[in-house]
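The values are calculated or read from the model by the stated rules, or taken from the named source; none is laboratory data. Just so it is clear, the model here is predicted, and its values are computed rather than measured. Don't worry about glycine lacking a Cβ; one is built from the backbone with ideal geometry, like all the others, and counts go over all protein chains shown. SASA here: full protein model, heavy atoms, side chains in, ligands and nucleic acids out. Shrake-Rupley method; radii C 1.70, N 1.55, O 1.52, S 1.80 Å.
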Amino acid sequence: MLIEFSVENFKSFRERQTFSMAAAPRLRKKNCVFVPDVPGEKLPALLKVAAIYGANASGKSNLLEALDIVRRVIHARISDKKALPVKPFRFDRKLLDQPTRIEFHFIENKCRYHFELALTESRIYEERLTSFPKGKEIMLYERIYDGEVENYRIVGLEGEPELHNVWKKLTPPRALFLSQAVENSSEELQQLRIPYRWLKSGSLFIGDNLAPLGRSIQVVGTKFPQFVKDMSSYLQEIDVPVTKIEFEIDKDDDDLDRDSDSDSSSVESLETALQQAFDGSVKHKTTLTHRTELGETEFDFNEESKGTRSLMGFYLPWLALPQKTIIVDELDSSLHPMLVENLVKKHLCNPGEGQLIFTTHDTHLMNTKMLRRDQLWITDRDKNGATKLFSIHDFEGREDEDVEKRYFEGRYRGLPILRSE
């Protein structure tokens, strides 16, 4: 689960900006937070949901892209000559040749970690991982490129020095040392495998292209039919008259494991199915039966509205992956404000420790009083074109005040400046 994230010199982010899922003290609505179970540490409660507002081109999507950088670096092929997924802040010439810097504070397997990374499009300059077992700080390794050679400092890392040297030699300039260490070690060595698991698959990034998400529900529907009935019931609950959903694998498609004995409760199997869908490697035919007073008729998945397809895709993370950090760009895309409210409410009612982070222009959520002040974030551009990031809780105000009204009054900034002719 995410505690805090910082980014510097990435696209519209110039100076270091920090986004936090740590809950502010003394605010009500306890259903909006959960207390992490981390032995030996007294950590603040963490937020289940965070909504990010701001004018167009203020940096909302850039923040979510920054949250996804490490995962993309991990999944990139070493042989691929594409640039690493970073761009510097271009308005400041001094930063054009400087690396993007990102930091994650997170919890995995009841232990807190701090991961730091500095990289340009061409290579990784710094990489550092620190763990806090039972609250004790242990720097596991540090990697720094000084312009000529890679310098490593390995302190509290399990394994023999000879093995560490093998990992170093296997780490090219564009890959993480963490990745090479995990991929070239036995299952018995868990010290790096645990934080690597969170950085690689602890979050699910959903951009403005919802096609992969639509494919994902079709993939999962073929392998885990118990979700289909629940999803159909949910669609009827929100006034989409779908009484039956049928998923059929393309007969010419041999990429999907059709093992009928697969463990339907396995999160790993669900994640594998999701990855296949996001890679676009599986073909399906999905038929939805609609019922009205005139009778029933069938529609192909691609004939459904964009909103219905979005709802079907969004429902999967809420239902099947309750421990993930779900990151959504423009949650309100093609969805009615009341449906967005319903999805957020379902997430808040989820007993798990999953988190939802999303951008939106839908201020209806501010007006519902469903979220706390520390769950509402704003991106704003300064005179240099740089993104500033802050929560509404940073401003003075009562917990029960009309946040939506004050937002449109410009009290929190984050509004577009409209100039009359």
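Residue count for segment 352-374 satisfying the condition of being over 11 Å from ASP332 (Cα atoms), part of a helix (DSSP H, G or I) and not polar (S, T, N, Q): 3. Selection within segment 49-70: residues that are among the hydroxyl-bearing types (Ser, Thr, Tyr) and farther than 19 Å from ALA23 by Cα. The member of this set that is nearest to the chain's Cα centre (by Cα) is SER61.
Checked against (1) open to solvent by 60 Å² or more (accessible area, probe 1.4 Å); (2) assigned to a loop (DSSP other than H, G, I, E, B), ARG72 passes all but a single condition, namely (2).
It is to be established whether one or more residues within segment 100-115 are of a type in the set (Asp, Glu), touching a residue at least 60 places away in the same chain (Cβ under 8 Å), closer than 24 Å to GLU41 by Cα and open to solvent by 10 Å² or more (accessible area, probe 1.4 Å). Yes, the conditions are met somewhere in segment 100-115. Evaluation of ARG77 against the conditions (1) open to solvent by 70 Å² or more (accessible area, probe 1.4 Å); (2) part of a loop (DSSP other than H, G, I, E, B); (3) closer than 23 Å to ARG197 by Cα; (4) in contact (Cβ under 8 Å) with a residue 12 or more places away in the chain shows that the sole unmet condition is (4).
For segment 139-158, does any single residue satisfy the condition of being open to solvent by less than 20 Å² (accessible area, probe 1.4 Å) and free of Cβ contacts under 8 Å to residues at least 24 places away in the same chain? Checked against the condition, which is being open to solvent by less than 20 Å² (accessible area, probe 1.4 Å) and free of Cβ contacts under 8 Å to residues at least 24 places away in the same chain, segment 139-158 yields no hits at all.
Where helices (runs of 4 or more DSSP H) fall entirely within segment 187-256, those with at least 1 residues that are open to solvent by 20 Å² or more (accessible area, probe 1.4 Å), modelled with pLDDT under 80 and within 23 Å of LYS346 (Cα to Cα) are at 211-223, 226-237.
Listed by first and then second residue, the pairs with beta-carbon distance under 6 Å, at least 6 apart or on different chains, first residue in segment 16-34 and surrounded by fewer than 17 Cβ atoms within 10 Å (Cβ to Cβ), second polar (S, T, N, Q), are ARG16/SER6; THR18/SER6.
Of all residue pairs spaced 6 or more apart or on separate chains, those with beta-carbon atoms under 6 Å, a first member in segment 393-405 that is in contact (Cβ under 8 Å) with a residue 24 or more places away in the chain and a second member that is open to solvent by less than 50 Å² (accessible area, probe 1.4 Å) are HIS393/ALA24; HIS393/ARG373; HIS393/ASP374; VAL403/MET366; GLU404/THR363; GLU404/MET366.
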